[in-house]
Amino acid sequence: MPKNQKLKTTKSRHPHPVTAQLFTNDKSYFFDPRDTVQIKYEMLREVAVNGTSVRAATKAYGFSRAWYYQIKKAFDEQGLAGLLDELPGRKGPDKLTNEIVGFILEQKKDNPMLSSSLISDMVLRTFQVKLTDRTIRRVLQGYDTDLGKKND
């Protein structure tokens with residue numbers, strides 16, 4: 001797969017123009033003005049090593065100053081991995097706590113005939129959290145309800 005296509009599919013393609021000299025004067029194609037990870041790294045390096053102001057660096061590399069500080073924090077905490085853009089979307093269920101999963105499993109273990117709809121109603125009454133029947137079924141499919149162990 002060509003690099004440009006790979007950058008698009010991994011959400012690593014930089015959407016803004018880059019005017020930094022490294023990216024505009026490079027004839028070796030080493031510095032790619034489409035590669036967000038490389039651009040972020042070079043922007044951070046520009047400020048840290050060359051003493052360029054944050055304002056000038058963000059303008060040249062196509063980021064806002066607020067983004068610069070978020071990028072720097074991620075890099076300081078995670079190294080190069082912090083420069084990768086996360087894919088959009090939730091990272092997991094936001095309503096499904098360990099306590100609620102335990103409750104669902106316990107209800108099903110105590111009464112195997114309970115439907116996912118009834119368990120959903122019980123969760124709503126107990127935790128004031130509305131879960132869909134499908135979410136309940138996913139929890140039950142992911143665990144051995146006799147042992148309470150996660151299925152692999």
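The values are calculated or read from the model by the stated rules, or taken from the named source; none is laboratory data. Everything numeric here is computed off the predicted structure, so don't read it as measured data. Note that each Cβ is placed from the backbone with ideal geometry, even for glycine, and that neighbours are counted across all protein chains shown. Note: accessible area is taken over every heavy atom of the protein model, side chains too, but ligands, DNA and RNA are not part of it. Shrake-Rupley method; radii C 1.70, N 1.55, O 1.52, S 1.80 Å.
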Solvent exposure ordering (accessible area, 1.4 Å, most first) of 23, 75, 30: 30, 75, 23
Sort 123, 129 by heavy-atom solvent-accessible area, probe 1.4 angstrom, most to least. 129, 123
Using a 1.4 angstrom probe and counting only protein chains, how large is the accessible area of residue 68 in Å², to 10? 10
Holding the Cα-Cα limit at 31 Å, pick out from 3/95; 40/95; 6/73; 6/72; 73/130; 6/95 the pairs that are longer than that. 3/95; 40/95; 73/130; 6/95
Mean accessible surface per residue for region 1-78, computed with a 1.4 Å probe while every protein chain stays in place, in Å²: 66
Apply 1/(1 + (r/R0)^6) to the Cβ-Cβ distance of residue 78 and residue 41, taking R0 = 22 Å, and write down the FRET efficiency to the nearest 0.05. 0.95
Taking R0 as 22 Å and r as the Cβ-Cβ distance between residue 64 and residue 8, the FRET efficiency 1/(1 + (r/R0)^6), rounded to the nearest 0.05, comes to 0.50
Exposure of residue 95 as accessible area (Å², to 10), given a probe of 1.4 Å and all protein chains: 100
Segment residue 137-residue 16, extension gain: residue separation times 0.36 nm, minus the distance between their alpha carbons: 39.2 nm
Ranking 122, 43 from most to least accessible area with a 1.4 Å probe gives 122, 43
With every protein chain left in place, what is the accessible area of residue 99 in Å² (1.4 Å probe, nearest 10)? 130
